[in-house]
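The values are calculated or read from the model by the stated rules, or taken from the named source; none is laboratory data. Computed from a predicted structure; not experimentally measured. Backbone-built Cβ (ideal geometry, glycine too); neighbour counts: all protein chains shown. What goes into the accessible areas is simple: the full protein's heavy atoms, side chains included, and nothing from ligands, DNA or RNA. Shrake-Rupley method; radii C 1.70, N 1.55, O 1.52, S 1.80 Å.
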Amino acid sequence: MTSIRTSRASRFAVLASLVFPLCAQDEPKLLAQGIKAPDFVSTTLDGREVRVSDYAGKVVVIDFWATWCGPCIASFPHLQEVAAAHASHDVVVLAVCTSDSRSKFEEWVKKNGATYPNLVFTCDPNDRSSKTFEQRASQALYHVQGIPTKFIVGKDGVITLAMVGHTEDDARLEAGLARAGIAVDPATQKRGEQQVADAEKREAEEQKKRAANPPPSFYPQFGSIAHGQDAPDFTLVGADGAEFSLSSLRGKPIVVGYGWSDVVPVALLEEIQSTYASYGVQCVAAQVQTERAEFDVLVAKLDAGRKIRVGWDKAGKMPSLQEGEIDNDARKEWSKVAVIRRYFQGNMLPAMPTMMVVGADGKLLGSFGSKHWKEAMGNLLLKSGVPLAPAHMPKVIAGPDAFQPPKPRVAEAKVELLKPGAMAPDFAMTMRDGKQVKLSDLRGKIVVLDFWATWCGPCVIAMPHVQHIADHYKDQGVVVLASCTSDERAKFDAWVDGKTQDFPDVMFAFDPLEKSADRASRKLYGVSGIPQQFVIDKDGKVVAEVSGYKKGEVLLDAALTKAGVRVDEAILEKAKQDQALRDAVRSDTKPAIPMKPMVPSGGMVPATPTKPVAPGDGSKKD
């Protein structure tokens, strides 16, 4: 059930759902507390210029966002709430669209701007289609590497807090306002400061890990194709309407930059082409998952004297969910002809924009994002036998091992999920305070045993509903025991310390066997994917199980009825619809009843309505 569950391999997708990386070639540090906020110009929907300095004497929240960034959009309701609550306190929220196109900004604001009347929406004139894209304020002045990123600027023009990303219960904004002298709820401020401290601690740990084990500048594979293997051929429609193939360019090194809609790395490819022209490098901007009309718009914007080639994948956009209907047949047909499916099979899609390098002999050299592209190109060209000038040599020459694809993780042996009707196996767990708890300690109560992990996106997204279950049904003897599995104790402690106040009715415990094959979730309950919940009756018998979670589902509520819990009829009817949608996805059939399909909320999801997460520039490079 990959559409609603996650494995350890998908933890990176989870992080990406919180913040989109927009890394540049170099990584100057993000502006922080105590630094004077640089002034810059952005423009409103009607073309009026706005500067940060226009709000001198006020507290300004500068929010760098983009129309394609899900977490950015998700943060707007809270931003609007805060802006409205403090409008009379000289607080202004300046929402600056960055790493995007002016046309997308205008389209989005015209459609959605009225929903957020207290936000000042502007767009950086150094947009994606401009030659000055690299001069956008978010990167050039504030050194933003991922969005959403917000800066709270005090009345004196000095930054009081920089915050990256967004989560549902985020109170860091209020903490930053309090630092700027704005009166906020003390409890919210305290929670926000704790979240700030937790975020800083996590970032420090990540920096330490990166310093000890720097990430590679390139990857020796692209999808399922490894370094040294023949690069599958494909055909694109050129700017002149004529088709051309990858194989037609053979005889010189080729860099193919993939992107959708506006997220095509044209500027970067032009720089790569210019830098390595003396070696015969040919760059191709491949616009995939996009309608022809958008390709025509892209071509119209490009300089007539450009050196790179541009091409459009005539497979067009991937068929998405339609209201009340899931057309899996159309998706299958799309996958047969889509360029990107030559390299990526199944449900996986690459992060975009992304670059693929093919040698003069037609064999794959590797792939990379926009970060450290000079190092990547230098190493890949060297490996293909191209003699580089000293100015183009990589700082660190990769050894032979760097060109070996990573060894696939050895999959654990299959286990069978414990079925309803079996007695729930007892096992010991450790609470946050170090005390031991056993499942048998709760005999006589109805127990929801929730197997989860701190790195599991759907698990974390499910927690508010798990809290609702624990609170709403506690009068009927229901207890929720959230058993953290396949995780590390330190991460469990840190997560629980920062979240206890949000989930007061949930019992959090940790399996001391951590990631061992003998962990209780796997050995005793046959769990191979999380979140996984079991409903256990007062006699200790498993009466129901629920696998995975999509935001808004109420399947767990319905499962409680198997233990005699009274559940509202409207919720039970909603649960039937939720199950019908799951069954439809699983069987490639239409739902039995008309309904709006739910948007997958995390983990490894089918490549359907949402855009895949990207690592590099623009859609991934700020």
Worksheet item: Ala411 versus (1) under 19 Å from Ile530 (Cβ atoms); (2) among the aliphatic types (A, V, I, L, M); (3) touching a residue at least 24 places away in the same chain (Cβ under 8 Å): which is the lone unmet condition?
Response: (3)
Fill in: Filter result (open to solvent by less than 20 Å² (accessible area, probe 1.4 Å), under 19 Å from Phe133 (Cβ atoms), part of a loop (DSSP other than H, G, I, E, B) and modelled with pLDDT of 90 or more) within the range 12-54
Phe40
Worksheet, complete the sentence: Checking Gln577, Gln532 in turn, the sole residue that is among the polar types (S, T, N, Q), in contact with a Lys or Arg (Cβ under 9 Å, 6 or more places away or on another chain) and open to solvent by less than 70 Å² (accessible area, probe 1.4 Å) turns out to be Gln532
Worksheet item: Under 9 Å by Cβ, and 6 or more places apart or on different chains, what pairs join a residue from the range 504-516 that is under 18 Å from Val527 (Cα atoms) with one that is in a loop (DSSP other than H, G, I, E, B) and open to solvent by 50 Å² or more (accessible area, probe 1.4 Å)?
Response: Ala509/Arg432; Phe510/Arg432; Glu514/Glu488; Lys515/Glu488
Worksheet entry | Unmet requirement for Leu173, which otherwise passes all of (1) touching a strand residue (DSSP E or B) at 6+ places or on another chain (Cβ under 8 Å); (2) modelled with pLDDT under 95; (3) crowded, with 21+ Cβ neighbours inside 10 Å | (2)
Discussion item. Looking only at the range 493-515, count every residue that is open to solvent by 40 Å² or more (accessible area, probe 1.4 Å), of a type in the set (A, V, I, L, M) and part of a helix (DSSP H, G or I) and tell me the total.
Written reply: 1
Discussion item. Looking at the range 146-164 only, could you name the residues that are buried (at least 21 other Cβ atoms within 10 Å of the Cβ) and outside any strand (DSSP E or B)?
Written reply: Pro148
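Out of the range 199-226, which residues are farther than 18 Å from Gln345 by Cβ, in a loop (DSSP other than H, G, I, E, B) and open to solvent by less than 50 Å² (accessible area, probe 1.4 Å)?
Applying the first criterion (farther than 18 Å from Gln345 by Cβ) to the range 199-226 yields 199-218, 220.
Of the ones still in play, those that are also in a loop (DSSP other than H, G, I, E, B) are 213-218, 220.
Ser217, Phe218, Pro220, listed by residue number.
Quick grid of which residues meet (1) closer than 18 Å to Val554 by Cβ; (2) surrounded by 14 or more Cβ atoms within 10 Å (Cβ to Cβ); (3) among the aliphatic types (A, V, I, L, M):
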residue	(1), (2), (3)
Glu416	no, no, no
Met431	no, no, yes
Gly434	no, no, no
Gly457	no, yes, no
Ile461	yes, yes, yes
Asp471	yes, yes, no
Cys484	no, yes, no
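Could you please give the count of residues in the range 425-446 that are outside any loop (DSSP other than H, G, I, E, B) and touching a helix residue (DSSP H, G or I) at 6+ places or on another chain (Cβ under 7 Å)? Talk me through it step by step, then tell me what you get.
First, pick out the residues of the range 425-446 that are outside any loop (DSSP other than H, G, I, E, B): 428-431, 436-442, 446.
Keeping just the survivors that are touching a helix residue (DSSP H, G or I) at 6+ places or on another chain (Cβ under 7 Å) gives 446.
Within the range 425-446, residues that are outside any loop (DSSP other than H, G, I, E, B) and touching a helix residue (DSSP H, G or I) at 6+ places or on another chain (Cβ under 7 Å) number 1.
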Fill in: Evaluation of Ile340 against (1) within 30 Å of Val585 (Cα to Cα); (2) touching an Asp or Glu at 6+ places or on another chain (Cβ under 9 Å); (3) open to solvent by 30 Å² or more (accessible area, probe 1.4 Å); (4) modelled with pLDDT of 85 or more (one fails), failing number
(3)
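For the range 122-133, which positions are touching a helix residue (DSSP H, G or I) at 6+ places or on another chain (Cβ under 7 Å) and not polar (S, T, N, Q)? First the steps, then the outcome.
Applying the first criterion (touching a helix residue (DSSP H, G or I) at 6+ places or on another chain (Cβ under 7 Å)) to the range 122-133 yields 123-124, 126-127, 129, 133.
Hits for the range 122-133 are Cys123, Asp124, Asp127, Phe133.
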Discussion item. For the list (1) open to solvent by 50 Å² or more (accessible area, probe 1.4 Å); (2) closer than 25 Å to Pro265 by Cβ; (3) part of a helix (DSSP H, G or I), I need the number of the one condition that Asp401 fails.
Written reply: (2)
Worksheet item: Hey, among the residues in the range 121-139 that are among the polar types (S, T, N, Q) and over 11 Å from Val96 (Cα atoms), which one's surrounded by the most Cβ atoms within 10 Å (Cβ to Cβ)?
Response: Gln139
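What tally of residues in the range 367-398 results from selecting those that are part of a loop (DSSP other than H, G, I, E, B) and open to solvent by less than 20 Å² (accessible area, probe 1.4 Å)?
Step one: list which residues in the range 367-398 are part of a loop (DSSP other than H, G, I, E, B), which gives 369-372, 384-389, 393-398.
Filter once more, keeping what is open to solvent by less than 20 Å² (accessible area, probe 1.4 Å): 369-370, 394.
Qualifying residue count for the region: 3.
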